[in-house]
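Chemist: Take a look at the following structure, please.
The values are calculated or read from the model by the stated rules, or taken from the named source; none is laboratory data. Fair warning: this is a prediction, and the values are worked out from it, not measured in the lab. When we count neighbours, we look across all protein chains shown, and the Cβ atoms used for this are built from the backbone with ideal geometry, even at glycine.
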Amino acid sequence: MDRSAEKNQESKGGPEMMASSVLNAIPDPIVVIDEKDCISLANPAGEAFFGSSLSILKRTNLTELVPFGSPLFGLVEQVRQTRDCVSEYSVDLGTPKTGIKNVNLQVSSLYDTSSVVVQIEERTIAHKMDRQLTHRGAARSVTAMATMLAHEVKNPLSGIRGSAQLLEMNVSDGDRALTQLICDETDRICALVDRMEAFSDDRPIARDAVNIHEVLEHVRMVSAAGFGKKILFRENYDPSLPFVYGNRDQLVQVLLNLVKNAAEAVPDDGGEITLTTAYRHGIRLAVPGSKDKVQLPLEVGILDNGSGISEEIVPHIFDPFVTTKTGGSGLGLALVAKIVGDHGGIIEYDNRQTGGHFLIRLPIYNFTRMET
């Protein structure tokens with residue numbers, strides 16, 4: 001074989017070998033399901049997930065690998081009919097050999113065939129405990145405490161502060177510093193209680209059609225004029241995004257809080273914050289006590305180039321009183337989670353990205369439904 005023939009052979013095998021190497025390097029299980037519902041291809045992670053080699057998987061029908069009634073069957077059929085990419089969170093998947101595992105699924109079509117590609121993301125222990133509802137449960141543990149503190153703590157604090165002010169008029173200059181300390185500390189505790197009272201407000205929020213890009217632009221301008229003067233802001237928006245069904249003021253509060261946290265995490269020199277929006281078809285959330293799935297296609301992202309959050313803290317960042325800031329109260333993200341939950345959405349921290357990356361998924365405004 002001459003040199004030109006060798007080059008032709010390399011050019012044919014090169015891309016295929018590269019594609020195979022890339023597939024094998026992906027840590028998440030990936031399998032291809034053919035028109036007969038059999039696995040025709042799997043990467044090493046996929047073989048490990050199902051506890052079988054590819055040669056065995058090729059002889060096995062999907063019904064033998066997946067529990068009866070699994071949402072995966074419906075997702076595969078939906079993709080074959082619509083040619084769309086769909087996702088579903090918190091799905092039980094596995095075999096008698098490997099045991100049932102709680103996973104996220106993403107299913108997409110493969111070219112012009114009836115085959116589909118299934119990407120499986122195994123969820124951690126924190127995810128297994130219904131993480132899509134963590135943002136609602138995070139605030140629930142504070143609600144009763146906030147109500148109690150408002151009545152049982154603020155009133156005595158007012159008395160303590162008043163007494164300290166009376167004492168201040170009759171004490172020496174040296175002791176006056178102590179009475180001022182009492183007043184300052186009672187004010188600080190009252191401010192903390194005021195922040196916690198927000199968790200006890202369970203009234204329905206007023207919602208309407210909101211242009212999320214206008215909200216993001218407002219947040220960007222406020223941030224750039226204040227705490228983010230030295231930070232480079234980038235925007236990566238989907239211009240065709242529909243309206244959010246939400247409360248504009250509360251969405252501003254949520255995004256401003258997240259951007260401020262990002263601004264405190266980025267380096268002093270070269271700090272960057274990227275604001276993103278996208279339409280993710282097929283993102284659905286299970287509603288407690290119902291078999292219905294709520295569509296949450298609108299995705300808003302806040303990405304920074306800071307050091308990120310440590311793996312130990314990530315599962316608890318939306319819990320009250322959990323903070324990585326010196327002197328922080330640990331209520332900011334818990335309140336953000338509550339507001340997002342009140343909107344019927346979810347908020348997650350993506351620790352697969354470099355830096356900090358918060359993702360908010362929200363429902364769209366349905367003009368037809370709202371008018372009827």
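Chemist: ASP84 fails exactly one of the following numbered conditions: (1) crowded, with 19+ Cβ neighbours inside 10 Å; (2) assigned to a loop (DSSP other than H, G, I, E, B). What is the number of that condition?
Modeler: Going through the list (1) crowded, with 19+ Cβ neighbours inside 10 Å; (2) assigned to a loop (DSSP other than H, G, I, E, B), ASP84 breaks only (1).
Chemist: Another question, then. Restricting attention to segment 64-79, which residues are surrounded by fewer than 12 Cβ atoms within 10 Å (Cβ to Cβ) and closer than 18 Å to SER114 by Cβ?
Modeler: none
Chemist: PRO67 fails exactly one of the following numbered conditions: (1) at pLDDT 80 or above; (2) over 30 Å from TYR279 (Cβ atoms). What is the number of that condition?
Modeler: (1) is the only condition that PRO67 fails.
Chemist: List pairs: first in segment 220-246 and at negative phi, second acidic (Asp, Glu), Cβ under 7 Å, 6+ apart or cross-chain?
Modeler: Every condition considered, the pairs that remain are ILE231/GLU272; LEU232/GLU272; ARG234/GLU272.
Chemist: Filter segment 223-241 down to the residues that are assigned to a loop (DSSP other than H, G, I, E, B) and surrounded by fewer than 16 Cβ atoms within 10 Å (Cβ to Cβ) and list them by number. First the steps, then the outcome.
Modeler: The initial filter retains those residues of segment 223-241 that are assigned to a loop (DSSP other than H, G, I, E, B), namely 226-231, 237-241.
Passing the criteria: GLY226, PHE227, LYS229, LYS230, TYR237, ASP238, PRO239, SER240.
Chemist: Filter segment 96-120 for residues that are of a type in the set (A, V, I, L, M) and surrounded by fewer than 19 Cβ atoms within 10 Å (Cβ to Cβ); which is modelled with the lowest pLDDT?
Modeler: ILE100
Chemist: Only one of these is modelled with pLDDT under 75, surrounded by 15 or more Cβ atoms within 10 Å (Cβ to Cβ) and under 14 Å from the mean Cα position of the chain (by Cα): ILE309, ILE302, ILE283. Name it.
Modeler: Working: ILE309 fails: modelled with pLDDT under 75; ILE302 fails: modelled with pLDDT under 75.
On inspection, the qualifying residue turns out to be ILE283.
Chemist: Which condition number does LYS7 fail, the rest of (1) closer than 30 Å to LEU296 by Cβ; (2) at pLDDT below 80 being met?
Modeler: All conditions pass for LYS7, except number (1).
Chemist: Additional query: Among the residues of segment 167-201, count how many are of a type in the set (Lys, Arg) and modelled with pLDDT of 70 or more.
Modeler: The total comes to 2.
Chemist: Of a type in the set (S, T, N, Q), modelled with pLDDT under 65 and in the same structural domain as ASP304 (by TED's automatic domain parsing): does that describe THR354?
Modeler: So THR354 fails the test.
Chemist: Would you check which residues across segment 205-219 are loosely packed, with under 15 Cβ neighbours inside 10 Å and touching a residue at least 60 places away in the same chain (Cβ under 8 Å) and list them?
Modeler: Passing the criteria: ILE205, ASP208.
Chemist: State yes or no: is GLU264 in contact (Cβ under 8 Å) with a residue 60 or more places away in the chain and surrounded by fewer than 17 Cβ atoms within 10 Å (Cβ to Cβ)? Break it down stepwise before answering.
Modeler: On the way: in contact (Cβ under 8 Å) with a residue 60 or more places away in the chain: yes; surrounded by fewer than 17 Cβ atoms within 10 Å (Cβ to Cβ): yes.
Against the criterion (in contact (Cβ under 8 Å) with a residue 60 or more places away in the chain and surrounded by fewer than 17 Cβ atoms within 10 Å (Cβ to Cβ)), GLU264 qualifies.
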